[in-house]
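For reference, the structure is listed below as structure tokens.
Just so it is clear, none of the values below were taken in a lab; they were calculated from the coordinates. Worth saying up front: this structure is predicted, and the values here are computed from it rather than measured. Positions of Cβ are generated from backbone atoms using ideal geometry, with glycine treated the same way; all protein chains shown enter the neighbour counts.
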């Protein structure tokens, strides 16, 4: 019985096996990045002192994937730090993806006055200050918050802000970015992986 072509050409067989392995790795990586998690680096100081320039983050894609499977839009929780695609991104721009904190949802009113950010909704008709809950031990939203805002959040979008609210440190829903469509959200930040001395779960 005559040996197969690949048996007679073992080097070719090794090359094909290697190509197959590389393809499997690429497909697996693509599937993981699309449906399980993605990695991003923080660029800039808009999230000081919660996150720092150069921090490496792991973003959880599973909640977004679960929402897609249910044919529903993904809606993060208030106060979560999320990564989203810049709704104003154009080819050639630097910041295609941005990291900010979720502040308000559709139907809510957001004001920034005298350095204080306030959210009004049915549960809090007189308003509440979400920053107070996330500001602990020097970490979290800084104050006073810059800007002069009085806006209602429309359907299908989020109001977001960086934790560095002082001056013009953060480009967000207060300062020209506008609202963030739910479909642009990559997912919530789950882990700060680097630097290793500051590994943190969120």
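Listing for the model above:
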read-out: Degrees between helix 10-35 axis and first principal axis of the chain (Cα, 0 to 90, nearest 10); value: 20 degrees
read-out: Average Cα contact separation per residue, the chain, under 8 Å, 6 or more apart, as relative contact order %; value: 24 percent
read-out: Pairwise FRET efficiency - residue 18 versus residue 134, Cβ, R0 = 45 Å, nearest 0.05; value: 0.35
read-out: Label-zone membership for region 148-169, site residue 49, 7 angstrom Cα→C-beta point, backbone N under 15 Å; value: 163-166
read-out: Gained length - residue 25 relative to residue 151, 0.36 nm times residue gap less alpha-carbon distance; value: 40.7 nm
read-out: Label selected from [x] 1.16; [y] 0.92; [z] 1.01, the criterion being Rg/Rh (Cα atoms, Kirkwood Rh) as computed here; value: [x]
read-out: Kirkwood hydrodynamic radius of region 111-202, from inverse mean 1/r over distinct Cα pairs, in Å; value: 14.8 Å
